[in-house]
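Inspection log for the structure reproduced underneath, given as structure tokens.
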Amino acid sequence: MLRALVCALWLGLTAGPALAQTSHDTLRAAAEAGDTRAAFDYGYDLTFPQSGEPDYLTGRYWLTEAADAGHAPANYILGQIYLDGIGTDPEPDRARAFFELAWQAGDAPAGYALAEVLLYDYEGETAAAIAILETLLADTDMGALAHLALADALFFAESERADPQRAIALAREALDRDPGLVEAHYILGIAALEGIGGETDPQAALQHWRTGMAGGDTLAMLALADALSDGVAGDPDPVEARALYGAAAVMGDPDAAEAADAMDVSLTAGQLAAARARTEAILAEIG
């Protein structure tokens, strides 16, 4: 998922400048006087302070005040708060409602967040999510992410909605717009290995997954590890495969941890030591 990236992008576009130039007390006074933007900035500053401890409860109060006044960014931030459980219990339904309000007011990051919620947290909402992403393709700030999310949705969708050919084109366009969206390489690697949209090319698949791995994408790591373990493009490389499973496991992927444990019984002590050393090197390279 790209939720954290979307949130970081949105914050870079909006919240920082106002907070940097306005004192805490000034924001509070303006918020108490009924200034909607000040209520948002003050609530945000309390919830995500640049220093000191957050005041989640008071922060949510002022963000809600701004949201009730129709401030779309406040609705978006409240959606993120309730989606991720920032200073409160996660409430996906409430998060969805806030995202919908912000999206109805034209907030593009909220539309993207809503599409992600519909795709991954609710059943039967794929069509609605795809419709939102289609709308966002031309957006200046969110277009690249929308291309990637739509590629993922169409590539892995149920059979009646799956469109792998278009998904591949969208993934390539996402990378053209933003090479940092390395998650696209996971899809392109599968397409190359299976010959979707062209000839079967295992070497190209490995290269896509290596690029994704270098960018920290654990799905690409797992795909590359599987391919190297099975020897899909040459002789099997169990040491490198185990190293990749180990790196993905350290990064929090439970499937990788299981795969690493399963491989351990078949490796010699020397191979296992080499794999563990290589895992450390991979993690250092990723940073």
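The values are calculated or read from the model by the stated rules, or taken from the named source; none is laboratory data. Quantities reported herein were computed from a predicted structural model and do not represent experimental measurements. Using ideal geometry, Cβ is built from the backbone for each residue, glycine included, and neighbour counts are taken over all protein chains shown.
Could you check, for region 227-241, whether at least one of its residues is more than 25 Å from Arg166 (Cβ to Cβ), touching a residue at least 40 places away in the same chain (Cβ under 8 Å) and either touching a Pro at 6+ places or on another chain (Cβ under 8 Å) or surrounded by fewer than 16 Cβ atoms within 10 Å (Cβ to Cβ) (or both)? No; the residues of region 227-241 include none that is more than 25 Å from Arg166 (Cβ to Cβ), touching a residue at least 40 places away in the same chain (Cβ under 8 Å) and either touching a Pro at 6+ places or on another chain (Cβ under 8 Å) or surrounded by fewer than 16 Cβ atoms within 10 Å (Cβ to Cβ) (or both). Between Ala129, Ala162, Ala169, Ala191, the distinction of being under 28 Å from Leu118 (Cβ atoms) and under 16 Å from the mean Cα position of the chain (by Cα) belongs to Ala129 only.
Within region 48-76, the set of residues being within 23 Å of the chain's Cα centre (by Cα) and surrounded by 22 or more Cβ atoms within 10 Å (Cβ to Cβ) comprises Pro73, Ala74, Asn75, Tyr76. Name the residues in region 192-201 that are in contact (Cβ under 8 Å) with a residue 12 or more places away in the chain and either crowded, with 16+ Cβ neighbours inside 10 Å or among the charged types (D, E, K, R) (or both), would you? Once the filter is applied, which keeps residues that are in contact (Cβ under 8 Å) with a residue 12 or more places away in the chain and either crowded, with 16+ Cβ neighbours inside 10 Å or among the charged types (D, E, K, R) (or both), region 192-201 yields Ala192, Leu193, Ile196. Out of all the residues in region 203-218, is one or more free of Cβ contacts under 8 Å to residues at least 40 places away in the same chain, crowded, with 17+ Cβ neighbours inside 10 Å and over 28 Å from Ala167 (Cβ atoms)? No, there is no match, as no residue in region 203-218 is free of Cβ contacts under 8 Å to residues at least 40 places away in the same chain, crowded, with 17+ Cβ neighbours inside 10 Å and over 28 Å from Ala167 (Cβ atoms). Does Gly12 fit the bill of being of a type outside the set (A, V, I, L, M, F, W, C), modelled with pLDDT under 90 and within 25 Å of the chain's Cα centre (by Cα)? It is true that Gly12 is of a type outside the set (A, V, I, L, M, F, W, C), modelled with pLDDT under 90 and within 25 Å of the chain's Cα centre (by Cα).
Report yes if some residue within region 259-266 is touching a Ser or Thr at 6+ places or on another chain (Cβ under 8 Å), within 22 Å of Pro202 (Cβ to Cβ) and either surrounded by fewer than 17 Cβ atoms within 10 Å (Cβ to Cβ) or not hydrophobic (A, V, I, L, M, F, W, C) (or both); otherwise report no. No - not one qualifying residue is present in region 259-266. Remark: pairs (first residue in region 39-54, more than 21 Å from Asp68 (Cβ to Cβ); second residue surrounded by fewer than 24 Cβ atoms within 10 Å (Cβ to Cβ); Cβ separation under 6 Å; 6+ apart in sequence or on different chains) = Pro54/Thr47.
Looking across region 96-108, the residues that are surrounded by 14 or more Cβ atoms within 10 Å (Cβ to Cβ) and more than 21 Å from Ala153 (Cα to Cα) come down to Ala97, Phe98, Leu101, Ala102, Ala105, Asp107. It is to be established whether one or more residues within region 131-142 are touching a residue at least 24 places away in the same chain (Cβ under 8 Å), touching an Asp or Glu at 6+ places or on another chain (Cβ under 7 Å) and farther than 16 Å from Phe99 by Cβ. Scanning region 131-142 turns up no residue that is touching a residue at least 24 places away in the same chain (Cβ under 8 Å), touching an Asp or Glu at 6+ places or on another chain (Cβ under 7 Å) and farther than 16 Å from Phe99 by Cβ.
Scanning region 167-203 for residues that are of a type outside the set (A, V, I, L, M, F, W, C), touching a helix residue (DSSP H, G or I) at 6+ places or on another chain (Cβ under 6 Å) and more than 27 Å from Gly234 (Cα to Cα) yields Glu173, Arg177, Asp178.
For first residues located in region 165-191 and acidic (Asp, Glu), partners that are outside any helix (DSSP H, G or I) and lie 6+ apart or on another chain with Cβ distances below 7 Å form the pairs Glu183/Asp217.
Can you find a residue in region 278-285 that is modelled with pLDDT of 95 or more, out of contact with any Pro (no Cβ under 6 Å at 6 or more places or on another chain), aliphatic (A, V, I, L, M) and closer than 23 Å to Pro202 by Cβ? Yes, some residue in region 278-285 is modelled with pLDDT of 95 or more, out of contact with any Pro (no Cβ under 6 Å at 6 or more places or on another chain), aliphatic (A, V, I, L, M) and closer than 23 Å to Pro202 by Cβ. Restricting region 76-101 to residues that are touching a residue at least 24 places away in the same chain (Cβ under 8 Å) and in contact with an Asp or Glu (Cβ under 7 Å, 6 or more places away or on another chain) leaves a set whose member that is farthest from Asp45 (Cα to Cα) is Pro92.
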